[in-house]
Amino acid sequence: MKSLRIIPCLDVRDGRVVKGIRFQNLRDAGDPAACAARYQAQGADEIVLLDVSATPEGRNASLKTVQAVRRCLGIPLTVGGGLRKEADAARYLEAGADKVAVNTAAVENPGLLTALADRFGRQCIVLSLDCAQRPGGWVVKTHSGKKDTEWDAVVWAARAERAGAGEILLTSWDRDGTGQGYDLALLQAVRQVVSVPIVASGGARTVAQMAAAFEAGADAVLAASIFHLEGRTVQSLKSELAHGGIPVRPLENAL
């Protein structure tokens, strides 16, 4: 039986975890390594680390930060931000990432997904898909949410899977940081066209919202504010989800 993974997200800028609304008005939320260690101790299934200023600044994610997080982490780590070529992915993986996430560069060059999958294996290639709702559907956003493209998000998800993406990190830009819950219509639309795991992202605040995402087709739920700013623990979320009949992974990572 499929179980729902709970994944805290560390959005990092200048070596610090930050959190805002729709990728803006970022507030400091702590040290990345300390946050990662705390969430692992609570029973997190994975950690995602996204350097939110890397692409706009034309650089790679901080390898120093990735290494610091890896040293205190025993669960899978996904790293994204600024990845533009195979050599960037190699550096992230060598620094301790288990999976690498790519958004802007894949939109600009879909063949990059194929090259990454061929070299490193589809299982560690994540399409980071940032979406904004527009009349008639959703468009893909790039450059850390700063740029709208003409790409239809659902069509791009299907194409990216064919190209080599082994997982999709599906973020609703409209819901990010709002606490309004995941965009279930977006999630359902993407679920209909892909078979790879989907990580729902953007808008989480309650257990009910996480359960709804699972029922709409998510394999995992990503969250940030609920952990960084509201003080909820992974243990408490998993306990409530299990009590409500949603299968979750055992708290084997909890200390």
(request) Identify, by number, the condition in (1) without any contact (Cβ under 8 Å) to a residue 60 or more places away in the chain; (2) of a type in the set (Asp, Glu); (3) farther than 29 Å from Ala34 by Cβ; (4) in a loop (DSSP other than H, G, I, E, B) that Glu215 doesn't meet. (result) (4)
(message) Just the residues that are in contact with a Cys (Cβ under 8 Å, 6 or more places away or on another chain) and either assigned to a loop (DSSP other than H, G, I, E, B) or under 17 Å from Val100 (Cα atoms) (or both), please, taken from region 175-197.
(response) Asp183
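Can you tell me which residue within region 182-201, out of those that are of a type outside the set (A, V, I, L, M) and farther than 26 Å from Leu77 by Cβ, is surrounded by the fewest Cβ atoms within 10 Å (Cβ to Cβ)?
Among those residues, the one meeting the criterion is Gln192.
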(request) Considering only residues that are of a type in the set (Asp, Glu) and touching a residue at least 40 places away in the same chain (Cβ under 8 Å), look in region 104-130 and name the one that is nearest to Thr78 (Cα to Cα). (result) Asp130
(request) Sort out which residues of region 134-186 are in contact (Cβ under 8 Å) with a residue 12 or more places away in the chain, among the small types (Gly, Ala, Ser) and at negative phi, and write them in order of number. (result) Ala153, Ala157, Ala158, Ala160, Ala163, Ala165, Gly166, Ser172
(request) Tell me, please, whether a residue that is polar (S, T, N, Q), on the phi < 0 side of the Ramachandran plot, out of contact with any helix residue (DSSP H, G or I) (no Cβ under 8 Å at 6 or more places or on another chain) and modelled with pLDDT of 95 or more can be found in region 213-235. (result) no
(message) I'm told Asn103 meets every condition in (1) surrounded by 20 or more Cβ atoms within 10 Å (Cβ to Cβ); (2) in contact with a Cys (Cβ under 7 Å, 6 or more places away or on another chain) except one. Can you identify the failing condition by its number?
(response) (2)
(request) Output the number of residues of region 147-174 satisfying the condition of being closer than 15 Å to Ala106 by Cβ, among the small types (Gly, Ala, Ser) and not in a helix (DSSP H, G or I). (result) 3
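Would it be correct to say that Arg22 is touching an Asp or Glu at 6+ places or on another chain (Cβ under 8 Å), at pLDDT 95 or above and either of a type in the set (Val, Ile, Thr) or within 29 Å of Gly217 (Cα to Cα) (or both)? Walk me through how you get there before you give the answer.
Values: touching an Asp or Glu at 6+ places or on another chain (Cβ under 8 Å): yes; at pLDDT 95 or above: no; either of a type in the set (Val, Ile, Thr) or within 29 Å of Gly217 (Cα to Cα) (or both): yes.
Against the criterion (touching an Asp or Glu at 6+ places or on another chain (Cβ under 8 Å), at pLDDT 95 or above and either of a type in the set (Val, Ile, Thr) or within 29 Å of Gly217 (Cα to Cα) (or both)), Arg22 does not qualify.
Residues are listed down the side, and each one gets a yes or a no for (1) touching a residue at least 60 places away in the same chain (Cβ under 8 Å); (2) under 19 Å from Lys99 (Cβ atoms); (3) in contact with a Cys (Cβ under 6 Å, 6 or more places away or on another chain):
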residue	(1), (2), (3)
Val199	yes, yes, no
Val207	no, no, no
Met210	yes, no, no
Leu222	yes, yes, yes
His228	yes, no, no
(request) With the checklist (1) surrounded by fewer than 17 Cβ atoms within 10 Å (Cβ to Cβ); (2) farther than 18 Å from Asp176 by Cα; (3) touching a helix residue (DSSP H, G or I) at 6+ places or on another chain (Cβ under 8 Å) in hand, flag the one item Asp118 doesn't pass. (result) (3)
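The values are calculated or read from the model by the stated rules, or taken from the named source; none is laboratory data. Since this is a predicted model, take the numbers as computed values, not measurements. Cβ: placed from backbone, ideal geometry, glycine included. Neighbour counts: every protein chain shown.
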